[in-house]
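Participant: Got a structure for you, questions after.
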Amino acid sequence: MASLDSVLAKIDQNLDAAVARLFEFIKIPSVSTDPAFNNDCHRAAAWAAAELTSLGFEASVRETEGLPMVVGHAKAARPDVPHVLFYGHYDVQPADPLELWTTPPFEPRIVETLAGRQLVGRGTADDKGQLMTFVEACRAFRETGELPCHITILLEGEEETGSPSLPAFLAANKTELRADMALVCDTLMWDKSTPAITTMLRGMVLEEVVIHGPNRDLHSGMFGGPAINPIRVLAKIIAELHDDTGRITIPEFYDDVIELPNEIADQWHELRFDGAKFLGDVGLSVPAGEHGRSVLEMLWSRPTCEINGIVGGYTAKGSKTVLPAQASAKFSFRLVANQKPDEVAKNFRAFVIERLPADCHAEFISHGASGAIALPFTSEALNRTRRALQVEWGKEPVLAGCGGSIPIVGSFKKDLKMDTLMVGFSLEDDRIHSPNEKYEMSSFHKGARSWARILTALSQ
Ligand code: BES
Ligand code: MN
Ligand code: MN
């Protein structure tokens, strides 16, 4: 087998070509949340499958009820090495608001900054650029010799919509997809020069509520007073979801939440996370979560209830004296270890129903639910990965939590009985899901080098 040094040198040599390949991928606007981009999602899947095929993977686009999966398999030269399943997603978030992009979202470019070069475009960090770090590492192994591990790559096109087709796909392809462990590259570094292994993810519950009142929109002068207004009802319910100390007031909401073990709390404390700077970067100054908790706790180990959108009545230009027939809002709960998504949804619905006045009723729509993830803090694979990252970055990686959710990691555990190792190279200021998303060139380049080292370490 080729030496790790020659693989790393190959990654360095390939960097410009790798960026060009990533840009081809970014140019396909594979927005999964909007049916208008359905065809582009299929094109992105086909592009990725062709890419894997060109690397000697036995790869194909696999249809599902929703958007297709891409699956590729490749074997190492030696039979007695681990088999890893790498997961990434080729779908991206919508690019709007378009007018806030300095250049078009699907026309990627390299921007030179004082702090280094950046790749700018929708999907550079979430998740096309990240997943390509792994693919480029595979390419370098191929071009210098053989793969160090048996590798299966699974790319999904519905991550940003909550992975609706994934559980059935995993169930139907268990034997094909089961491996010794899963690898995911869809998370953050600690900071630009410090790598991280993510061991906790928050779960989530997505709920939509429509409050119905009168049987049609009414004149607010003719009916205002005696007629109940659904916006008023909804606003009151929303206002009651949190108390003045930032706690969520839904009964039983915190029953299954466990306090962070002291040793982990101490580790996080040691990280000296700058909560003031974190908030300052987005124009804020006072943490709005539970009083008495650090900003890092609020993000990594405490649950939340957010109102994502609220609609009702007349919202166009000018005024209209209307008393609307209905009002609706969308909610997302972030859950932490042990909280049960179904219980949270059930208790939330009961909370709403209990507060409905006479003549109003509520309609509930679920948009998905997944539990939180807590992985073991020690394992042979984790230790090897720590050392590999340490060598590449010259710094001990942080064992991090994560405020976001990656629903598939739970399915890997439940359905395929596999633990997942989450290593990502995105930064907090990469503006994922926002205008002008970027990925640092150093993340892209050293990310690929990191995977080369990790795969080598896992194979020994
Ligand atoms: N890559 C993110 C998850 C993430 C967010 C990792 C922040 C690290 C930091 C993922 O693509 C994502 O956006 N997940 C959604 C899941 C949802 C749409 C089901 C999320 O967390 O909102
Ligand atoms: Mn992602
Ligand atoms: Mn995302």
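The values are calculated or read from the model by the stated rules, or taken from the named source; none is laboratory data. Since this is a predicted model, take the numbers as computed values, not measurements. Here Cβ is always computed from backbone atoms with ideal geometry, including for glycine, and neighbour counts include all displayed protein chains. The protein model used for the area step is the full one, side chains on, heavy atoms only, and it has no ligands, DNA or RNA in it. Shrake-Rupley method; radii C 1.70, N 1.55, O 1.52, S 1.80 Å.
Participant: Got a sec? Which residues in segment 90-133 would a label at Lys192 touch, if it sits 7 Å along Cα→Cβ and we count backbone N under 16 Å?
Facilitator: 111-120, by backbone N distance to the label point.
Participant: Could you bin all the Cα-Cα distances of the chain into 10 Å bins starting at 0 and give me the percent of pairs in each, rounded to whole numbers?
Facilitator: 4, 19, 28, 26, 14, 6, 2, 0, 0
Participant: Over the chain, what is the relative contact order in percent, taking alpha-carbon pairs closer than 8 angstrom and at least six residues apart?
Facilitator: Values: 937 pairs, mean separation 119.5, N = 460.
That works out to 26 percent.
Participant: How many Å² of accessible area per residue for segment 79-128, probe 1.4 Å? Walk me through the numbers on the way to the answer.
Facilitator: Values: 2120 Å² over 50 residues.
Here the residues of segment 79-128 average 42 Å² of exposed surface.
Participant: Could you work out the relative contact order of segment 369-460? I mean the mean sequence separation of Cα pairs under 8 Å and 6+ apart, divided by the number of residues, in percent. Spell out each step's value before the answer.
Facilitator: Numbers: 58 pairs, mean separation 33.2, N = 92.
Averaging sequence separation for qualifying contacts and normalising by length gives 36 percent for segment 369-460.
Participant: For the chain, give the percent of accessible area contributed by carbon and sulfur heavy atoms, probe 1.4 Å, rounded to a whole number. It would help to have the intermediate numbers written out before the result.
Facilitator: Numbers: 10790 of 20440 Å².
In the chain, the share of accessible area belonging to carbon and sulfur is 53 percent.
Participant: Treating only the Cα positions of segment 198-268 as identical point scatterers, give the base-10 log of I(q)/I(0) from the Debye formula at each q in 0.11, 0.15 Å⁻¹.
Facilitator: -0.53, -0.77
Participant: Sequence neighbours fewer than 8 away in the same chain don't count; with that in mind, list the aspartates and glutamates whose C-alpha is under 19 Å from Lys10.
Facilitator: Glu51, Glu136, Glu143, Glu146, Glu392
Participant: Additional query: Quick check on my link table: of Lys277/Lys317; Lys277/Lys346; Lys346/Lys413; Lys128/Lys413, which ones sit more than 27 Å apart, alpha carbon to alpha carbon? Write down the numbers at each step before the final one.
Facilitator: Values: Lys277/Lys317 38 Å; Lys277/Lys346 37 Å; Lys346/Lys413 24 Å; Lys128/Lys413 24 Å.
Flagged as over cut-off: Lys277/Lys317; Lys277/Lys346.
Participant: Once you treat every alpha carbon in segment 276-378 as an equal point and sum by Debye, what is log10 I(q)/I(0) at q = 0.09, 0.13 Å⁻¹?
Facilitator: Relative scattering, expressed as log10 I(q)/I(0), comes to -0.38, -0.73.
Participant: Follow-up question, since we're still on this one. So how compact is segment 1-130: Cα radius of gyration and Dmax in angstrom?
Facilitator: Here Rg and the maximum Cα pair distance are 16.8, 53 Å.
Participant: What's the extension gain from Leu284 to Arg349 if we count 0.36 nm per residue and subtract their Cα-Cα distance?
Facilitator: Working: separation 65, 0.36 × 65 = 23.40 nm, distance 3.14 nm.
Result for the pair: 20.3 nm of gain on full extension.
Participant: In whole angstrom, note down how far apart the Cα centers of segment 121-145 and segment 319-366 are.
Facilitator: 41
Participant: Using alpha-carbon pairs under 8 Å, 6+ residues apart, how would you state the relative contact order of segment 1-154 in percent? Don't skip to the answer; put the middle values down first.
Facilitator: On the way: 240 pairs, mean separation 49.3, N = 154.
Relative contact order, segment 1-154: 32 percent.
Participant: So, one more: Quick one: Cα centre-to-centre distance for segment 386-411 and segment 201-266, in angstrom?
Facilitator: The two parts, judged by their Cα centres, are 34 Å apart.
Participant: Tell me whether segment 199-352 comes out rounded, prolate or oblate; compute the Cα gyration tensor, take square roots of the eigenvalues as a ≥ b ≥ c, and use a/c under 1.5 as the rounded threshold.
Facilitator: Because a/c hits 1.5 or more and a/b exceeds b/c, segment 199-352 counts as prolate.
Participant: Pulled fully out, how much extra length does the chain show between Lys277 and Lys414, if you take 0.36 nm times their separation in residues and subtract their Cα-Cα distance? Walk me through the numbers before you get to the answer.
Facilitator: On the way: separation 137, 0.36 × 137 = 49.32 nm, distance 3.78 nm.
45.5 nm is the gain from fully extending Lys277 to Lys414.
Participant: While we're here: Across segment 64-70, in residue order, what do the Karplus-derived ³J(HN,Hα) couplings come to in whole Hz, using 6.51 cos²θ - 1.76 cosθ + 1.60 with θ = phi - 60° and x for Gly and Pro?
Facilitator: Computed from phi, the couplings for segment 64-70 are 9, 5, x, 8, x, 9, 10 Hz.
Participant: Nearest 10 degrees is fine. How inclined is helix 128-144 to the longest principal axis of the chain, computing both from alpha carbons?
Facilitator: Result, in degrees: 10.
Participant: Grab the DSSP H runs of the chain that are 4 residues or longer, score each as -39,500 (n - 2.57), total them, divide by all residues and round the 222 nm result to the nearest 500 deg cm²/dmol.
Facilitator: Numbers: 13 runs with 156 residues, N = 460.
Roughly -10500 deg cm²/dmol at 222 nm, from the helical runs in the chain.
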